[in-house]
Amino acid sequence: MLTKRIDVKEAQSRLQELLTQVASGVEWIITDGTVPVARLGPISSRMAGLHLGAIQASPDFDEPLPDEFWAGKV
């Protein structure tokens, strides 16, 4: 992916052009002077099930919390 830099003031006036380039795979780093402040790039697609089993919840996950919890005693 090609990455380019542009100042925030110029980016404001060329936003539609930048978005067209982003759609074709160009990533833009928006700077305030010489300081990078934002990245404008294509949205990557997500794969469902990529981390299947990485997180497990206990069987009582959605049970009401005990009164002691709300009283600050737990």
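A few remarks follow.
- Share antiparallel - DSSP beta bridges, the chain, percent rounded to 5: 50 percent
- The trypsin sites (Lys or Arg not before Pro) of the chain meeting both criteria, a DSSP state outside H, G, I, E and B (loop) and at most 14 other C-beta atoms within 10 angstrom of the site's C-beta, are Arg14, Arg46, Lys73.
- Volume per residue that the Cα convex hull of the chain spans, once the total is divided by residue count, Å³: 226 Å³
- Fully extended contour minus Cα-Cα distance, from Ser45 to Phe61, at 0.36 nm per residue: 2.8 nm
- For the pair Arg14 and Met1 in one chain, pulling the backbone fully straight at 0.36 nm per residue adds 2.7 nm over the alpha carbon distance.
- Shape class for the range 1-42: oblate, because the ratio a/c of the largest to smallest gyration tensor axis (alpha-carbon atoms, square roots of eigenvalues) is 1.5 or more and b/c is at least a/b.
- Helical mean residue ellipticity (222 nm; -39500 (n - 2.57) per DSSP H run of 4+; nearest 500) of the chain: -6000 deg cm²/dmol
Read-outs: derived from the displayed coordinates by stated rules, not from any lab. The structure displayed is predicted, hence computed values, not measured ones. Here the Cβ is made from the backbone with ideal geometry for all residues, glycine too, and neighbour counts use every protein chain on show.
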